[in-house]
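Visitor: Can you read through this structure? Questions will come right after.
The values are calculated or read from the model by the stated rules, or taken from the named source; none is laboratory data. No experiment lies behind these values; they were computed from the predicted model shown. Neighbour counts are summed over all protein chains in view; Cβ atoms, including those assigned to glycine, are modelled from backbone coordinates with ideal geometry. Accessible surface is based on the protein model in full, side chains and every heavy atom, while ligands, DNA and RNA are left aside. Shrake-Rupley method; radii C 1.70, N 1.55, O 1.52, S 1.80 Å.
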Amino acid sequence: MGLVVGACLAETGNDVIGADVDAGKIAGLRENRLPIYEPGLEPLVARNQRDGRLTFTADVGGAVERSDVVFIAVGTPPDEDGSADLRHVLAVADTIGRHLQRPKTVITKSTVPVGTAERVRAQIARHTSTPFHVCSNPEFLKEGAAVEDFMKPDRVVVGIDSPEAGRVMEELYAPFVRTGNPLIFMDIPSAELTKYAANAMLATRISFMNQIARLCEAVGADVTQVRRGIGSDRRIGPAFLFPGPGYGGSCFPKDVAALRRAGSELRVPLEVLDAVSAANERQKRVLFDKLSRHFAGRLQGVGIAVWGLAFKAETDDVRESPALTLVEALLESGARVQVHDPEAVLTARRVLGERVHYAPHAYDALEGAQALAVVTEWREYRNPDFERMRSLLGRPLIVDGRNLYDPDKLAALGFTYDSIGRRLVCASS
Ligand SMILES: NC(=O)c1ccc[n+]([C@@H]2O[C@H](COP(=O)([O-])OP(=O)(O)OC[C@H]3O[C@@H](n4cnc5c(N)ncnc54)[C@H](O)[C@@H]3O)[C@@H](O)[C@H]2O)c1
């Protein structure tokens, strides 16, 4: 997230120093080797480095000294009890305090619980009497469309407690809100909570639709029709109503967990989110359960192809990916797993090691496999050569977590096709 924010701020003319304690990452970035795959990011980093507006350093303190505005964008992984682990945020605040010799604006951009900006302020103030401002500016960019989202945000949320900080933020964000999308100023606790509330709402929509999809299968309805029917209601809207194999990634699971934890600590029950989380855990098993049914529970030695390892398309992020849940369950049941992903093989290999076969091409994954599970909605899986797939698969069975194909068409082509919230079709010949 920090890399995207830094590159986009450099693109609008600011002098940006990207600082990270990971010296390997910094060395790579200096040579325009990015640690993540994100569409449009590489040219942005390369251009701004070449033009001298974007530099990278592992000397975090030195970067603080040379800056007027400091964004904290470090990770906030879940602690053992689900709450956000603020160790990295507070470590950066400590570094900032030690290197703050002139007034600065410090912005928490990481997703952090209410009260964190105050803790950051206190941590900095332990080391310095120089005045500084603290703001909360949660980031709403989506992985896979991060540059686009940062450049053209729906809105920018800024929590402030001084007009001076407001002016700094207005100046920084002016190029990104020219088309009229709002810069929404509010108090700091409200800004901190807004980010969690947004992610919890999106996760809720997904879990809701996944449960409706299960009901569709049980009653013989089609979730695609139901989605169109409810999405056209302006009070509901069409976005984020697609059922799937469960949400994953580095944000929704951890942010829902952190909000639930905050609710339970404050004795404010958040039953909706308990259900959202439980429904998602169940949903992440949906593709395995379907496959297991098709093979009457006997997957020992059966070859299964898996298309897509990233938690969603256009990213190489596999954190909490439903594809990994599926692969682990398949391996546990003795299946042989052959995977393909256009971008996420390197990241997935760190988790799966050599326990699966990595196919260089999507069709290679099908060779010697009895069935295919589609988990990530990569564009290249949307319109494949079905004849070729049929000839490669031992059994013409496709289990689809993303509803990419037309059931009637697949039945006509001789497939058994099992998708989410739609009727199961079998070869019509
Ligand atoms: N990934 C997203 O799409 C996204 C979107 C919105 C918000 N966020 C939030 O942004 C934050 C960061 O997420 P991410 O996915 O970019 O995490 P990440 O783990 O990919 O990156 C965090 C970076 O911080 C560095 N770091 C750790 N301690 C440091 C220190 N003391 N000084 C300097 N650098 C340090 C790490 O080396 C790492 O490179 C999280 O709070 C996340 O919830 C992420």
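Visitor: What number comes out for accessible area per residue over region 1-112 if the probe is 1.4 Å? Units Å², please.
Guide: Details: 5070 Å² over 112 residues.
Roughly 45 Å² per residue, with all protein chains present.
Visitor: Identify, among Thr105, Leu141, His88, the residue whose Cα sits farthest towards the positive end of the charge dipole of region 1-157, taking +1 on the Cβ of Lys and Arg and -1 on the Cβ of Asp and Glu, with the dipole about the Cα centre.
Guide: Farthest towards the positive end: Thr105.
Visitor: If you don't mind, another one. Share of antiparallel DSSP beta bridges in the chain, in percent to the nearest 5?
Guide: Details: 3 of 38 bridges.
If I count the DSSP bridges inside the chain, around 10 percent turn out antiparallel.
Visitor: Still on this structure, I have one more. Over region 325-422, what percent of the accessible surface lies on carbon and sulfur atoms, probe 1.4 Å?
Guide: Values: 1840 of 4090 Å².
Here it works out to 45 percent.
Visitor: State to the nearest 20 debye the size of the charge dipole of region 75-176 about its Cα centre, where the only charges are +1 on K and R beta carbons and -1 on D and E beta carbons. Mind showing how you got there, number by number?
Guide: Working: 12 positive and 15 negative charges, 103 e Å.
The dipole magnitude comes to about 500 debye.
Visitor: Something else: Could you tell me which of Ser162, Pro78, Tyr363 has its Cα farthest along the dipole of the chain towards the positive end, charges placed at Cβ (Lys, Arg +1; Asp, Glu -1), taken about the Cα centre?
Guide: Toward the positive end, the furthest listed residue is Tyr363.
Visitor: Same structure, new question: Count charges around Thr376 for me, please; just the other residues with Cβ under 10 Å from its Cβ, Lys/Arg as +1, Asp/Glu as -1. The partial results should precede the final answer.
Guide: On the way: positive: Lys312, Arg402; negative: Glu314, Asp341, Glu343, Glu377.
Net charge in that neighbourhood comes out at -2.
Visitor: Report the local net charge at Asp94: Lys and Arg +1, Asp and Glu -1, summed over other residues whose C-beta lies under 12 Å from its C-beta.
Guide: Numbers: positive: Arg87, Arg98, Arg119, Arg126; negative: none.
Neighbourhood net charge equals +4.
Visitor: Here's something else I'd like to know. Where in region 210-289 are there trypsin sites (Lys or Arg not before Pro) that are in a DSSP coil and have at most 13 other Cβ atoms within 10 angstrom of their Cβ?
Guide: Values: sites: Arg214, Arg227, Arg228, Arg234, Arg235, Lys254, Arg260, Arg261, Arg267, Arg282, Lys284, Arg285; in loops: Arg234, Arg235, Arg267, Lys284, Arg285.
Filter output for region 210-289: Arg234, Arg235, Arg267.
Visitor: Using a probe of 1.4 angstrom, how much of the accessible area of region 255-300 is carbon and sulfur, in percent? Please report the intermediate quantities before stating the final value.
Guide: Numbers: 1330 of 2620 Å².
C and S fraction of accessible area: 51 percent.
Visitor: Could you report region 231-300's accessible area per residue, 1.4 Å probe, as an integer in Å²? It would help to have the intermediate numbers written out before the result.
Guide: Numbers: 3880 Å² over 70 residues.
Computed with neighbouring chains in place, this is 55 Å² per residue.
Visitor: On to the next question. What helices in the chain pass both tests, a Cα length along the helix axis of 30 Å or more and a mean Kyte hydropathy of 0.0 or higher, using whole DSSP H runs?
Guide: Working: long enough: 188-219 (47 Å, 0.45).
Those that clear 30 Å and a mean of 0.0 are 188-219.
Visitor: Against the globular-protein guess of 2.2 N^0.38 Å, express the Cα radius of gyration of region 178-217 as a ratio, rounded to two decimals.
Guide: Numbers: Rg = 15.7 Å, N = 40, 2.2 N^0.38 = 8.9 Å.
Its radius of gyration relative to the 2.2 N^0.38 Å reference: 1.76.
Visitor: State the answer as a single residue: which of Met186, Tyr173, Ala335 lies farthest towards the positive end of the charge dipole of the chain, with beta carbon charges of +1 for Lys and Arg and -1 for Asp and Glu, about the Cα centre.
Guide: It is Ala335.
Visitor: Could you compute the net charge surrounding Ala117? Neighbours are other residues with a C-beta less than 9 Å from the C-beta of Ala117; K and R count +1, D and E count -1. Before the final figure, lay out the partial values.
Guide: Values: positive: Arg119, Arg121; negative: Glu118, Asp161, Glu192.
Result for the neighbourhood of Ala117: -1.
Visitor: Sticking with this structure for a sec: Counting each DSSP H run of 4 or more residues in the chain as -39500 (n - 2.57), what helix-only mean residue ellipticity at 222 nm follows after dividing by all residues, to the nearest 500 deg cm²/dmol? Intermediate results must be reported in sequence, preceding the final value.
Guide: Details: 17 runs with 182 residues, N = 429.
Helices in the chain give a 222 nm mean residue ellipticity of -12500 deg cm²/dmol.
Visitor: Roughly how big is region 73-130's charge dipole about its Cα centre, with Cβ charges of +1 (Lys, Arg) and -1 (Asp, Glu), in debye to the nearest 20?
Guide: Details: 8 positive and 6 negative charges, 105 e Å.
Result for region 73-130 is approximately 500 debye, rounded to the nearest 20.
Visitor: While we're on this one: Per the Kirkwood treatment, what hydrodynamic radius in Å, one decimal, follows for region 298-429 from the mean inverse distance over all distinct Cα pairs?
Guide: Details: mean 1/r = 0.0684 Å⁻¹.
In region 298-429 this quantity evaluates to 14.6 Å.
Visitor: For region 236-293, what is the Kirkwood hydrodynamic radius in Å, using each pair of distinct C-alpha atoms?
Guide: Values: mean 1/r = 0.0770 Å⁻¹.
Mean inverse Cα-Cα distance, inverted, gives 13.0 Å.
Visitor: Over region 4-127, what percent of the accessible surface lies on carbon and sulfur atoms, probe 1.4 Å? Let's see the in-between values first.
Guide: Working: 2740 of 5750 Å².
Its accessible area is 48 percent carbon and sulfur atoms.
Visitor: Please compute, over every Cα-Cα pair in region 185-343, the percentage with a separation greater than 28 angstrom. Intermediate results must be reported in sequence, preceding the final value.
Guide: On the way: 3887 of 12561 pairs.
Beyond 28 Å sits 31 percent of the P(r) for region 185-343.
Visitor: Quick one, can you get me the convex hull of the C-alpha atoms of region 275-359 expressed as volume per residue in Å³?
Guide: Working: hull volume 7.7 nm³, N = 85.
Taking only Cα atoms, region 275-359 has a hull volume of 91 Å³ per residue.
Visitor: Another one. Quick one: which residues, 5+ away or cross-chain, put their amide H under 5 Å from the amide H of Ile184? H built at 1.01 Å from N.
Guide: Placed amide hydrogens put Val156, Val157, Val158 under 5 Å from Ile184.
Visitor: Taking the Cα centre of region 203-275 as origin, sum charge times position over the Cβ atoms of Lys and Arg (+1) and Asp and Glu (-1), and report the length of that vector in debye to the nearest 20.
Guide: Values: 10 positive and 7 negative charges, 37 e Å.
It works out to roughly 180 debye.
Visitor: OK, next. Please work out the ratio of the alpha-carbon Rg of the chain to 2.2 N^0.38 Å and round it to two decimals. The partial results should precede the final answer.
Guide: On the way: Rg = 23.6 Å, N = 429, 2.2 N^0.38 = 22.0 Å.
So the Cα radius of gyration is 1.07 times the expected 2.2 N^0.38 Å.
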